[in-house]
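Accompanying notes for the structure given below.
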Amino acid sequence: MRKKISTVSVVLFLLLSGHSLYAQKKLSVGIQGGLGGATAYHSYKGEDENISDLELGIPKIYPVFSHMYNLYLFYRINEDFGIAFEPGMIRKGYGYKNITEDRDVVFSRKRMDYMQLPLLAEFHVEESIVLTVGPEFGYLWNAKLSTSVNSGPNGITELPKRNRFDFGIQIGGYYTLKKYLDVGIKVGSSLTKADKFYLINDYGEVVSDVSKRYVYVNSFIRVKL
């Protein structure tokens, strides 16, 4: 009985505190959705770090469609600064093309869906213009490979979920069109490695290790409640 009373008391306290902050215009709550593109980039460590992907025989990387859906929880510290929490989901990934011995063109797209938690500092440059920056945490929950041959129907393959945890940096900004409506842009880059492989010479020696990391650019619209 005491545990139930304690739990109810804590819930009521949090609700009343949230209502008080909301009434003081220190707390904002909203939902947002974004569309854009995602891709990946390689970084090298070793003798071949200044040579292009094509020279190394690595397929060219293409951007793929990206989308994101997030809650928006903002706490205003003062008129010029605040902190935002944006739990949600985002699609990352990239595409690449191969040509078979029969001259068939095989285009593959990796679709990597992450649970996402950006923790952003918001700098209010003007009344309607805000710049944001902060770390972003992710957890991979769905990974698929979409493959088409000569622009034919797509085949979908489940991928093993390696390197589930993702950490990166996100920057962006938004413009307040109306009191309850924002539009903006977000740019994110992973700092952790999505994949890693090695380049080996004719003698079986490792000449470079190659790391792949995700990047994305999404425009978004937010409705504040």
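Selection of strands (runs of 3 or more DSSP E) fully inside region 131-192 by the criterion of at least 2 residues being of a type in the set (Phe, Trp, Tyr) and under 24 Å from LEU71 (Cβ atoms) returns 165-178.
Would you mind stating whether LYS92 is touching a residue at least 40 places away in the same chain (Cβ under 8 Å), within 22 Å of SER43 (Cα to Cα) and surrounded by 12 or more Cβ atoms within 10 Å (Cβ to Cβ)? So LYS92 passes the test. A single entry from VAL223, VAL217, VAL207 fulfils the requirement of being open to solvent by less than 50 Å² (accessible area, probe 1.4 Å), among the hydrophobic types (A, V, I, L, M, F, W, C) and either more than 14 Å from GLY36 (Cα to Cα) or modelled with pLDDT of 95 or more (or both): VAL207. Within region 144-172, being surrounded by 14 or more Cβ atoms within 10 Å (Cβ to Cβ), touching a Leu at 6+ places or on another chain (Cβ under 6 Å) and modelled with pLDDT of 95 or more holds for one residue alone: GLY168.
In contact (Cβ under 8 Å) with a residue 24 or more places away in the chain, closer than 16 Å to ALA40 by Cβ and open to solvent by less than 20 Å² (accessible area, probe 1.4 Å): does that describe SER190? Considered against the rule, which asks whether it is in contact (Cβ under 8 Å) with a residue 24 or more places away in the chain, closer than 16 Å to ALA40 by Cβ and open to solvent by less than 20 Å² (accessible area, probe 1.4 Å), SER190 comes out as yes. Inspection of region 41-55 identifies no residue that is assigned to a strand (DSSP E or B), modelled with pLDDT of 95 or more and over 23 Å from SER146 (Cβ atoms).
The values are calculated or read from the model by the stated rules, or taken from the named source; none is laboratory data. Because the structure is predicted, anything quoted here is derived from the model rather than measured. Backbone-built Cβ (ideal geometry, glycine too); neighbour counts: all protein chains shown. Quick note on the areas: whole protein, heavy atoms, side chains included, nothing else; ligands and nucleic acids left out. Shrake-Rupley method; radii C 1.70, N 1.55, O 1.52, S 1.80 Å.
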